[in-house]
């Protein structure tokens, strides 16, 4: 009887943990809209050190694979932008291809935000000039 009761308690605790974990994951992955400027992150990092930060230079770097980012207008937060999420997964479009026409411009981007230790990532689904 005690083994059965102990097993039931453990199963209940695991179930509650899974529900709470799923709720936290769903909350973190809700779609949001971020308004801000599209930049190349290398140019942004070099900006204070005399780096070339013109729209043409940013486009060149993004076109050649440098990481693309978004500076949120309201908070000033900097996001690393990753691929769009269309289906099927085998034909994913890179963030660089998606955002190249918008480099140096203000956009509204909808997607999911992921945060780590000191960084933010925006997984873009929809983007358009603002």
Placing each pseudo-label 7 Å from Cα in the direction of the beta carbon, residue 72 and residue 120 end up separated by a distance in nanometres of 0.3
Contour minus Cα-Cα span, residue 35 to residue 110, at 0.36 nm per residue, comes to 26.1 nm
Length gained if residue 93 through residue 55 is fully extended, taking 0.36 nm per residue and subtracting the Cα-Cα distance, is 11.5 nm
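Where a number appears in this text, it was derived from the coordinates with a stated rule and is not lab data. If you're wondering where the values come from, they're calculated on a predicted model, not measured in any experiment. A quick note on method: Cβ atoms are made from the backbone with ideal geometry, for glycine too, and the neighbour counts reach across all protein chains shown.
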